[in-house]
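So the structure is just underneath, and the comments pick up after that.
The values are calculated or read from the model by the stated rules, or taken from the named source; none is laboratory data. What you are looking at is a predicted structure, and each value in this text was computed from that prediction instead of being measured. When we count neighbours, we look across all protein chains shown, and the Cβ atoms used for this are built from the backbone with ideal geometry, even at glycine.
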Amino acid sequence: MIGSAGPDTQRCSRAGCTTDATWNVNWRNPRIHGPERVKVWLACDEHVQFLREYLAGRDFPVVVTPLGESVEVVG
Ligand SMILES: [Zn+2]
């Protein structure tokens, strides 16, 4: 779902969106990931809320940070 693009081509992770990302959506699936595991989606301004709510709706812990700002632990 996430392309491993270079730092200058970081696109939103929303399917079909080609906008440059401005947010990191940090999350994990507690059923398969340990607490130290952090998955990252990239999101543009338009889709950051969609992606966060998508994950939160599945009861996944989510932390949104500015693009490139990573977190050690989610939830
Ligand atoms: Zn987008």
Just one listed residue, out of V63, V74, is surrounded by 14 or more Cβ atoms within 10 Å (Cβ to Cβ), away from the ligand (no atom under 16 Å from the Cβ) and modelled with pLDDT under 95, and it is V74
Cβ pairs under 6 Å, 6+ apart or interchain, first in the range 51-70 and under 21 Å from D20 (Cα atoms) and free of Cβ contacts under 8 Å to residues at least 40 places away in the same chain, second crowded, with 17+ Cβ neighbours inside 10 Å and hydroxyl-bearing (S, T, Y), ordered by first then second residue, are none
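Working only within the range 17-54, note down all residues that are among the hydroxyl-bearing types (S, T, Y) and either within 12 Å of the ligand (Cβ to nearest atom) or under 10 Å from the mean Cα position of the chain (by Cα) (or both).
First, the residues of the range 17-54 that are among the hydroxyl-bearing types (S, T, Y): 18-19, 22, 54.
Result: T18, T19, T22.
Evaluate the following for P7: is it away from the ligand (no atom under 14 Å from the Cβ) and modelled with pLDDT under 95?
Details: away from the ligand (no atom under 14 Å from the Cβ): yes; modelled with pLDDT under 95: yes.
Yes: the conditions hold for P7.
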The number of residues in the range 22-34 that are farther than 17 Å from E53 by Cα and among the hydrophobic types (A, V, I, L, M, F, W, C) is 1
Within the range 25-45, residues under 17 Å from A56 (Cβ atoms), surrounded by fewer than 21 Cβ atoms within 10 Å (Cβ to Cβ) and in contact (Cβ under 8 Å) with a residue 40 or more places away in the chain come out as P30
